[in-house]
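Everything below concerns the one structure shown next.
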Amino acid sequence: YWAKSFRGRWYDTGCDVEFTENGNIVVLGTTKSFGAGENDFWLLFLDKKGNIKWQKTIGSSTDDYGKSITVLPDGDIVVVGSTLLDFYYTWTVNMHNNGILKWEKIIKYAKDKLSLSGTPSKKMAILSNGDLVIGICKEFPSSYTSYIVCLDKDGSGKWSETVCGVCIKAVTSTN
């Protein structure tokens, strides 16, 4: 048993934890202390004893918030969060287990020529063919609209669906 805290000088918070096949720990958070902008994704890769093997910030010059991580069967790490452009959009990043970027994708939505932004769901699902399914919920004053997006293993969009009146909080696979 061990307990550690990781922080910088400003507002830093953790939001998701995953374990690799060999017992290493991947922690995703948001940091204002490190990185490129106001807030950035903060990814820590820890050994079994909680020692930092590597850490990485991912961000733009505006606000970026980490939300969810998944460790893929091949050991790659997928990070999903939000980035502020003209609205908050979903930002998906895939990296090798050593922190080197493989691909990234910003998911924008347009419905009736109106761009919408949303908050990524806490979890994403990995299908048996390696596709990644992400749920995104957009809250309006009196209703919700959810988007379900499927990306292939290279980050290309395969399909998407819009579901009105519900807020998707998690996505799971029944493979």
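Descriptive notes on the structure:
- Check on residue 73, at pLDDT below 90 and not in a strand (DSSP E or B): yes
- Those residues of region 1-16 which are at pLDDT 85 or above and open to solvent by 100 Å² or more (accessible area, probe 1.4 Å), in sequence order: none
- Residues that are in contact with a Gly (Cβ under 8 Å, 6 or more places away or on another chain), under 21 Å from residue 103 (Cα atoms) and of a type in the set (A, V, I, L, M), drawn from region 16-63: 27, 28, 36, 43, 44, 58
- Residue that is within 20 Å of residue 30 (Cα to Cα), at pLDDT 85 or above and either acidic (Asp, Glu) or open to solvent by 40 Å² or more (accessible area, probe 1.4 Å) (or both), where the choices are 129, 98: 98
- Answer from 35, 29 - the residue that is assigned to a loop (DSSP other than H, G, I, E, B), surrounded by 17 or more Cβ atoms within 10 Å (Cβ to Cβ) and not charged (D, E, K, R): 35
- Test: residue in region 47-60 that is open to solvent by 50 Å² or more (accessible area, probe 1.4 Å), within 29 Å of residue 84 (Cβ to Cβ), basic (Lys, Arg) and part of a loop (DSSP other than H, G, I, E, B): no
The values are calculated or read from the model by the stated rules, or taken from the named source; none is laboratory data. All values reported here derive from a predicted model rather than from experimental measurement. Backbone-built Cβ (ideal geometry, glycine too); neighbour counts: all protein chains shown. Just the protein is used for accessible areas: all its heavy atoms, side chains included, with ligands, DNA and RNA removed. Shrake-Rupley method; radii C 1.70, N 1.55, O 1.52, S 1.80 Å.
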